[in-house]
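Everything below concerns the one structure shown next.
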């Protein structure tokens, strides 16, 4: 029997050893998504919002937030990949049609009350709107005329209404005790759309109110009249 020198034997078996012990490629899945879960990854484009993405795919936004570990639905950025469960192909997301008149809508205060917390763009203390204190059940008015883009429950926001306005503006009304409008409805400025509450992550009854230009949050205090001026 021919004897294979130790070095030669090592050379013969070493590749097998490496192949047998090499770790398999790891497939990183979003939180809570099993490898066999069907879906697609949607790459966020400029101007897209999470709720518009979910609306286009017909999926529950809370489920998408949970699977992708998104704490704040407004905190998505262009280029970010979001797993959409159940989808079979990537879709183009329709953006709000720009108005012929690109001027800023004349917003009114949705409620009167004490400002508990103002807008802050500092990443360490970010707050993308204003918190307005008011008694539980206080009627909330639409800050401008527009169409209801979303009316439902969002993690953190609780019961929330999002209105689409001319010029690519949006207003957000969160922590409501009750939403009084449905998605797709047209509402007039000053129309009652919800009632103040403390749903979601809220301490005490108040309204969290945001104004956005596309996905970008703006300081409502720079776009609203002086309190009690209407």
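Below 8 Å between Cα atoms, with a sequence gap of 6+, how large is the relative contact order for region 39-85 in percent?
That works out to 62 percent.
Express in whole angstrom the spacing between the alpha-carbon centres of region 58-88 and region 117-147.
So the separation of the two Cα centres works out to 23 Å.
Treat each spin label as a single point 7 Å out from the Cα along the C-beta direction, and report the residue 203 to residue 90 distance in nm.
Here the modelled spin labels are 4.3 nm apart.
Once you have the Cα-Cα distance between residue 136 and residue 72, take 0.36 nm times their residue separation minus that, and quote the gain in nm to one decimal. Please list the in-between numbers first.
Working: separation 64, 0.36 × 64 = 23.04 nm, distance 2.43 nm.
Gain on stretching residue 136 to residue 72: 20.6 nm.
Residue 124 versus residue 185, label points 7 Å from Cα toward the beta carbon: distance in nm?
Distance between the two pseudo-spin positions: 4.3 nm.
At R0 = 41 Å, how high is the FRET efficiency between residue 153 and residue 226 if r is their beta carbon distance? Nearest 0.05 is fine.
Approximately 0.80, to the nearest 0.05.
Suppose a student asked you for the relative contact order of region 129-210, using Cα pairs under 8 Å spaced at least 6 residues apart; what percent would you report?
Values: 236 pairs, mean separation 33.7, N = 82.
After rounding, I find 41 percent.
Size of region 39-85 along its principal axes in angstrom, Cα-based, largest extent first?
Sorted largest first, the three principal extents are 22, 20, 15 Å.
Nearest 0.05, what FRET efficiency do residue 37 and residue 116 give at R0 = 30 Å with Cβ-Cβ as r?
Values: r = 41 Å, r/R0 = 1.36.
The value I calculate is 0.15.
Rule-based calculations on the coordinates, nothing more; no lab input. Remember, predicted model here, so these are calculated numbers, not experimental data. As a convention, Cβ positions derive from the backbone with ideal geometry for all residues, glycine included, and neighbour counts pool all protein chains shown.
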